[in-house]
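Here is the structure we will look at.
Values in this text are rule-based calculations from the coordinates and carry no lab data. Everything numeric here is computed off the predicted structure, so don't read it as measured data. Glycine also receives a Cβ, built like all others from the backbone with ideal geometry; neighbour counts cover every protein chain displayed.
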Amino acid sequence: MSSHNRAGLGWGFFGVALFALSVPLTRSAVDHMNPVFITSGRAVVAALLAIAFLYFRKQPLPTRRQVWRLFLIGGGVVVGFPLFTGLALQTVPASHAAVVVGLLPAATAVISVIITGERPPLRFWIFAIAGALAVVIFTATSHGGFEPLQLEDLYLLAAVVVTAYGYAEGALVSREIGSWQTISWALVVWSPILLVVTIWSLLNQPFTPDITDWGAFAYLAAVSMFFGFFAWYRGLAIGPVSAVSQVQLTQPVMSIMWSAIILGEAITPQVLLGGTVVIACAALAVRSRLSR
């Protein structure tokens with residue numbers, strides 16, 4: 001492996017390590033903060049940081065086409081993931097969510113294939129579909145018996161899909177305008193809308209946070225929503241995307257561990273089995289594409 005590829009993997013792993021706290025900290029915060037406020041408020045705070053960085057580094061404005069792509073990227077990583085996971089985490093444990101989010105590497109690889117027009121081998125699709133089925137079976141049986149997917153499970157699956165698109169498209173845009181510039185401009189593009197939503201949610205939604213909730217919110221805003229993407233998109237931009245995306249496989253493991261440490265959640269045999277199967281399928285899907 002060349003030093004260039006090692007740098008990409010290193011930056012990618014650092015970003016994933018920062019993201020691993022997102023699910024357990026969101027689960028902690030939603031007890032006293034509305035998910036809509038968490039989504040919009042953290043993005044507004046991160047947008048202020050982004051504006052400062054863009055101004056002092058004298059970054060050029062993106063093109064009109066890039067603005068549209070940044071809007072779509074932000075729809076996935078700025079709005080979609082925090083909103084859908086926040087809604088789901090009102091009723092499901094963080095460890096449960098971490099297992100479903102474990103499908104993200106395979107989903108990112110699939111959407112990257114669709115965007116680029118690549119033709120991976122048949123085994124790639126077999127493993128990707130197997131991972132999706134494993135998630136469906138895990139969520140359907142996690143509520144006691146085999147039941148239809150609950151609304152919170154659909155929220156988590158939606159979070160995976162929109163985030164995978166944001167990662168795949170963000171990797172392409174990062175090669176044009178830079179890694180930290182991509183998430184910064186995505187935040188700026190969405191900031192007017194999210195500022196209005198933040199004000200509305202403060203005025204109309206229940207709001208009883210304590211110091212712990214504010215600490216979780218600060219991490220989600222500054223690290224999960226901003227600085228973590230510096231490392232993640234830099235790793236994806238260095239690439240190759242198919243290789244760097246493999247380090248996402250460690251995120252659900254770290255999230256489950258943090259859920260046990262921070263929230264005191266029990267790591268059940270079902271979570272261990274579901275997480276192992278989902279991560280294995282995702283790893284095989286990503287690696288079969290990479291080996292080609």
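The residues neighbouring PRO82, those whose beta-carbon lies less than 13 Å from its own, together hold a net charge of +2 under the Lys/Arg +1, Asp/Glu -1 convention. Among VAL101, VAL113, VAL189, the order by Cβ neighbours within 10 angstrom, fewest to most, reads VAL113, VAL189, VAL101. Radius of gyration over Kirkwood radius for region 19-121, both on Cα atoms: the Rg/Rh ratio is 1.04. Going from the residue with the fewest nearby Cβ atoms within 10 Å to the one with the most, ASP153, ASP213 rank ASP213, ASP153. The simple Förster model, with R0 at 25 Å and r as the Cβ-Cβ distance, assigns LEU72 and ARG119 a FRET efficiency of 0.55. Across q = 0.10, 0.12, 0.16 Å⁻¹, the chain modelled as identical point scatterers on its alpha-carbon atoms has Debye log10 I(q)/I(0) values of -0.49, -0.72, -1.29, in the order of the q list. In a reduced charge model with +1 at each Lys and Arg Cβ and -1 at each Asp and Glu Cβ, the chain shows a dipole moment near 1220 debye about its Cα centre. Extension gain, LEU49-ALA266: 0.36 nm per intervening residue step, less the Cα-Cα distance, totals 74.5 nm.
The ranking of LEU70, LEU61 from fewest to most other beta carbons within 10 Å of each one's beta carbon is LEU61, LEU70.
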